[in-house]
Amino acid sequence: MKLRILPVLLISAMFSTLTVFGQTSAPTPIFVTTEEVPIYIGPVFGYNRSIHSVDLASFDEAICPRFVNGNDNGFYVGFSFEQHLGKDAAASTSSFIFRVLYSTMPAFMETTEEPIPSLITIVDSQGNPDGETIINSSTRHTQQIDYSVVSAEVCYKINPIPGMGLGFTIGPTFDFALTKTQDQRYELLQPLEAQFRRNQDAIDQLGYRYIDNDRTIVIKEGDIPNSNAFRLGIKAGVQYEILVKTLTIVPAMYYNFGVTNLSSQESWRVNALQVGVDLRWAVKLGL
């Protein structure tokens, strides 16, 4: 009798096991389901107000005016990747954001001289000297800096108020210069009928160029002497996340502070106030 009951018990146990295996719609001790944490990727773009903190001599002579600081307008564009910390992206209050960017951070510097008495050589219609006179003349010194970099950024982001899109970011930026050139010019503003007298030694030895009917001298052009190809910066900012279905729109403002100098000869830091937008789509890798 006991032997006949044993097969019935085995068949019942097998049927119960198959029934449990067939119910995969709900989590069980055997089939544990978890929600996949998405990553967020997309383009970024924005505006740079670059600020060059520097004190440069316009000429080697100590009495000549100096270029003190400079700024100009630039832009940045690139790609971002965000990885939330924690198993639930919707409830996460912190993440790491990685960006690869192309940025321009130029600068324009200018200094002018008030009208001062100058000895002018008078020439005739054939260009021959015909006496000298003293008149007031005014000049302007300009310096245009073109500086562009490709950057790799790592930012830590924290949302201090759970459920709110407000966030703060901070992290290093590693920049590699693509262009770092200067164009320094000395312009004669007044009088309109005058021009610079050419200095052949400066042309031959220093590479001066006279343009604009000899009313402008190109003093320096090309790569900035002893300029560094690498820039290290610290970038801190505030952002706000706006969720539209699977798209997150993130307007943000940052201050990008240069730690290293642009030139090894000068105390020359390149900083930038940056305003832009990140667009990120939630993507599940399905791994």
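Under the condition of being in a strand (DSSP E or B) and under 24 Å from ARG66 (Cα atoms), the residues counted in segment 224-271 number 7.
Among the candidates ASP175, ASP146, ASP183, the residue that is farther than 23 Å from GLU241 by Cα and out of contact with any Ser or Thr (no Cβ under 7 Å at 6 or more places or on another chain) is uniquely ASP183. Of all the criteria given as (1) surrounded by 13 or more Cβ atoms within 10 Å (Cβ to Cβ); (2) at pLDDT below 95; (3) among the small types (Gly, Ala, Ser), the one not satisfied by GLY78 is (2). Considering segment 229-271, the residues that are among the polar types (S, T, N, Q) and modelled with pLDDT under 95 include one that is nearest to the chain's Cα centre (by Cα), namely SER263. Scanning segment 49-75 for residues that are surrounded by fewer than 19 Cβ atoms within 10 Å (Cβ to Cβ), in contact with an Asp or Glu (Cβ under 9 Å, 6 or more places away or on another chain) and either at pLDDT 85 or above or not in a loop (DSSP other than H, G, I, E, B) (or both) returns ARG49, ASP55, ARG66, VAL68, ASN69.
Output the residue which, of all residues in segment 81-110 that are among the β-branched types (Val, Ile, Thr) and surrounded by 16 or more Cβ atoms within 10 Å (Cβ to Cβ), is nearest to VAL149 (Cα to Cα). Selected residue: THR104. The residues on offer are THR133, THR169, THR139, THR173, and the sole one that is modelled with pLDDT of 85 or more, farther than 30 Å from PHE96 by Cβ and of a type outside the set (Asp, Glu) is THR139.
For segment 201-220, the candidate set comprises residues that are of a type in the set (Ser, Thr, Tyr) and out of contact with any Ser or Thr (no Cβ under 8 Å at 6 or more places or on another chain); within that set, the residue that is nearest to GLN190 (Cα to Cα) is THR216. Looking only at residues in segment 180-228 that are of a type in the set (A, V, I, L, M, F, W, C), in contact with a Lys or Arg (Cβ under 6 Å, 6 or more places away or on another chain) and closer than 21 Å to GLU114 by Cα, the one that is surrounded by the most Cβ atoms within 10 Å (Cβ to Cβ) is LEU188.
One residue stands out in segment 126-176 among those that are surrounded by fewer than 17 Cβ atoms within 10 Å (Cβ to Cβ) and among the acidic types (Asp, Glu): the one that is nearest to GLU82 (Cα to Cα), namely GLU132. Residues in segment 236-257 include none that are touching a Phe, Trp or Tyr at 6+ places or on another chain (Cβ under 8 Å) and of a type in the set (D, E, K, R).
The values are calculated or read from the model by the stated rules, or taken from the named source; none is laboratory data. Only a predicted model underlies this, so the values are computations on that prediction, with no experimental measurement involved. Note: ideal-geometry Cβ built from the backbone for every residue, glycine included; neighbour counts use all protein chains shown.
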